[in-house]
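Below: the structure, in structure tokens.
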Amino acid sequence: MKYSCNMIRDLLPLYADRVCSEESREIVAEHLSDCADCSAILRRLQCTEIEAALREEKTSILRRQAQRLRRRSALAGTVIACIFMIPILICLIVNLATGAALGWFFVVLTSLLLAASVTIVPLLVPEKKFFWSSCSALVCLLLLLGVCCLYTRGDWFLVAATAVLFAASIGIFPFVARKEPLRSLLGRKAGLISALAGTVFFVLMLLSIGGRTAAPFFGSVALAVVPPLLILAWVIFLLFRYPRCGKAVKAGTCCIVCGVFAFFAERLIYRLLGTHVSGPAFSPLIWNAATVDGNVRWLVLLGACLAGIILIVIGLVKGRRREK
Ligand SMILES: [Zn+2]
């Protein structure tokens, strides 16, 4: 062989791409006819080139497909928006013709906006569809409630709005927070923010109900019942969120906490209301109207503690095995 393998291998990429001079081409071809190793390298080089070309082709097909899909979604969104405009225009004309001072026209308009937020918005926005759809649905629902409240001359808007916001903060927000743009914005704080927002809106909802209700004892009952329940909800949330132990240990601890809460809740609430009640008596051999309440409470407490302890032991044993 006139040339060393290393020299030929330097030329191989140019040879594979057919961009080297005729002279180099002949030298490489001559070398390849005698050298099995360099021939194998050339074959591998050609294979990776084919793979790269296929990959590029695949990405470009996917990109074209996504573009086509986006265009179709936008078209469908525009068509649905046009269909939605028909009842809006009819209502506007009828409302003006009957001289109803646009009262129920706005109710129809905001209802259709709410429908549009979950049908047209996801079709029209190119990305972060769930986020924008949820935000617009929430705003439209609040608008609809506001318009209905104004139209009926009601005073219930705050109660309804805080109830909707409370439900959204614990029912929808955790799902919205898992998707962009909130996922990268909030990270691991999403759960904590959801729990905080839930607590704030729950308290606001109670305050607005309290402000609207005529019952004078509402405030004192709410103050006695709500804090223990909120504390229980937060204890369960913090237990599941932060300790670095297995799921079984967390579930067991929650079981015990809930059992103890169910046992003491009534006494605690009565104590907060200023009444003293004695603890439930346990008479497992006597079951009648007088003892059933106490017996059930004791059995729930014992059952929850037993289940909790079993779960914790299972979790600890599993954790120990995993460490080994
Ligand atoms: Zn060679």
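The values are calculated or read from the model by the stated rules, or taken from the named source; none is laboratory data. The shown structure was predicted, so the numbers you read here are calculated from the model rather than taken from an experiment. Here the Cβ is made from the backbone with ideal geometry for all residues, glycine too, and neighbour counts use every protein chain on show.
A few points about this structure:
- Checking the stated criteria, residue 72 turns out not to satisfy the condition of being on the phi > 0 side of the Ramachandran plot and away from the ligand (no atom under 16 Å from the Cβ).
- Checking the stated criteria, residue 136 turns out not to satisfy the condition of being modelled with pLDDT under 85 and over 15 Å from the mean Cα position of the chain (by Cα).
For every residue, the table says whether it meets (1) in a helix (DSSP H, G or I); (2) touching a residue at least 40 places away in the same chain (Cβ under 8 Å); (3) surrounded by 16 or more Cβ atoms within 10 Å (Cβ to Cβ).
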{"residue": "116", "(1), (2), (3)": "yes, no, yes"}
{"residue": "138", "(1), (2), (3)": "yes, no, yes"}
{"residue": "141", "(1), (2), (3)": "yes, no, yes"}
{"residue": "147", "(1), (2), (3)": "yes, yes, yes"}
{"residue": "192", "(1), (2), (3)": "yes, yes, no"}
{"residue": "196", "(1), (2), (3)": "yes, no, no"}
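- Selected residue (criterion: nearest to the ligand (Cβ to nearest atom)) from residues of segment 1-16 that are without any contact (Cβ under 8 Å) to a residue 24 or more places away in the chain and more than 14 Å from residue 36 (Cα to Cα): 7
- Of all residues in segment 273-324, those that are modelled with pLDDT of 85 or more and either outside the structural domain of residue 244 (by TED's automatic domain parsing) or within 24 Å of residue 224 (Cα to Cα) (or both) total 5.
- Among the residues of segment 17-35, those identified as within 15 Å of the ligand (Cβ to nearest atom) and either polar (S, T, N, Q) or assigned to a loop (DSSP other than H, G, I, E, B) (or both) are 24, 33, 35.
- When residue 309 is tested against (1) without any contact (Cβ under 8 Å) to a residue 12 or more places away in the chain; (2) among the β-branched types (Val, Ile, Thr); (3) over 30 Å from residue 218 (Cβ atoms), just one condition goes unmet, and that condition is (1).
- Selection status of residue 38, within 11 Å of the ligand (Cβ to nearest atom), in contact with a helix residue (DSSP H, G or I) (Cβ under 8 Å, 6 or more places away or on another chain) and either part of a helix (DSSP H, G or I) or not assigned by TED's automatic domain parsing to the domain that holds residue 123 (or both): yes
- Cβ pairs under 8 Å, 6+ apart, first in segment 204-221 and within 9 Å of residue 159 (Cβ to Cβ), second outside any helix (DSSP H, G or I): 212/155; 212/156
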